[in-house]
Amino acid sequence: MASPLVLRLCLDGTPLSAELRQYMEELAAQSGKLSVEIGDAADVDHLPCVQVCRADGSWTGLSFHGVPGGHEFTSFVLGLYNAAGPGQALDEESRAAIQAIRNPVELQVLVSLSCTMCPELVTAAQRIAAENPNVTAQVYDLNHFPDLRERYQVMSVPCLVVNGGEQVSFGKKNVRQLLELLAQ
């Protein structure tokens with residue numbers, strides 16, 4: 001990791017929040033580049049949540065709602081690497097397409113921690129968000145947020161929701177496939 005990051009926790013009084021806090025404190029203890037702070041829970045719709053922030057406190061656009069365990073642990077760590085730099089390699093065509101995104105794009109990725117196909121979409125969404133400040137990538141462990149399952153009629157994961165429902169797409173996608181979808 002080239003730059004330090006702050007893991008901002010937005011918590012409520014649930015056991016899941018306590019688990020997230022312990023998990024993030026243990027993760028931060030593994031690197032001098034990570035620290036943990038408590039954020040304002042009123043700023044977040046679905047708790048608990050960890051927002052990945054820069055050292056100056058500004059949000060990178062990456063967050064995870066729930067506890068990023070199971071198959072999502074690796075994608076969470078890759079998200080930290082992508083946000084802190086240098087990040088996973090991108091081909092020039094993909095980098096140019098990411099930089100060409102001028103309007104705000106909110107990506108919500110609805111996952112299950114036991115899904116083996118979810119991490120590819122999570123990693124792709126986070127990679128794009130880490131590269132372009134106009135894009136945010138928020139990941140939700142659907143097991144804890146049945147309101148999202150109902151709202152978007154989720155029958156399988158991963159489920160990608162673009163800009164609050166303008167587009168809803170199912171299935172794994174890499175960076176290029178996700179950029180093609182966003183270009184539609």
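Based on what the data block shows, is Q138 closer than 22 Å to L113 by Cα and surrounded by 15 or more Cβ atoms within 10 Å (Cβ to Cβ)? So Q138 fits the description; yes. Within the option set L47, L9, being among the hydrophobic types (A, V, I, L, M, F, W, C) and in a strand (DSSP E or B) holds for one residue only, L9.
Is it fair to say P86 is open to solvent by 10 Å² or more (accessible area, probe 1.4 Å), assigned to a helix (DSSP H, G or I) and within 28 Å of S35 (Cβ to Cβ)? Taking the combined requirement at face value, the residue does not satisfy it. For the criterion of being at pLDDT below 95 and closer than 22 Å to S17 by Cα, G70 passes. Tallying residues that are surrounded by fewer than 19 Cβ atoms within 10 Å (Cβ to Cβ), under 20 Å from V77 (Cα atoms) and touching a residue at least 40 places away in the same chain (Cβ under 8 Å) within region 37-58 yields 3. The residues of region 162-181 that are outside any loop (DSSP other than H, G, I, E, B) and out of contact with any helix residue (DSSP H, G or I) (no Cβ under 8 Å at 6 or more places or on another chain), listed by number, are N163, G164, V168, F170, E180, L181.
Considering only residues in region 2-36 that are in contact with a strand residue (DSSP E or B) (Cβ under 8 Å, 6 or more places away or on another chain) and either among the β-branched types (V, I, T) or at pLDDT below 95 (or both), the one that is least open to solvent (accessible area, probe 1.4 Å) turns out to be V6. Checking each residue in region 89-110 for being open to solvent by 40 Å² or more (accessible area, probe 1.4 Å) and in contact with a Ser or Thr (Cβ under 7 Å, 6 or more places away or on another chain) picks out only E106. One residue alone among E150, E120 is open to solvent by 40 Å² or more (accessible area, probe 1.4 Å), in contact (Cβ under 8 Å) with a residue 24 or more places away in the chain and assigned to a helix (DSSP H, G or I), and that residue is E120. Among the candidates L113, L78, the residue that is within 18 Å of C53 (Cα to Cα), in contact (Cβ under 8 Å) with a residue 24 or more places away in the chain, open to solvent by 40 Å² or more (accessible area, probe 1.4 Å) and not basic (K, R) is uniquely L78. If the condition is being in contact with a Ser or Thr (Cβ under 8 Å, 6 or more places away or on another chain), open to solvent by less than 60 Å² (accessible area, probe 1.4 Å) and in contact (Cβ under 8 Å) with a residue 60 or more places away in the chain, then region 157-184 contributes V175, L179. Looking only at region 123-147, residues that are within 24 Å of S17 (Cβ to Cβ) and in a loop (DSSP other than H, G, I, E, B) come to 1 in all.
The values are calculated or read from the model by the stated rules, or taken from the named source; none is laboratory data. As the structure is a computational prediction, the values presented were derived from the model and not from experiment. Reconstructed Cβ throughout: ideal geometry from the backbone, glycine too, with neighbour counts over all protein chains shown. We work out accessible area using only protein heavy atoms, side chains counted, and drop any ligands, DNA or RNA first. Shrake-Rupley method; radii C 1.70, N 1.55, O 1.52, S 1.80 Å.
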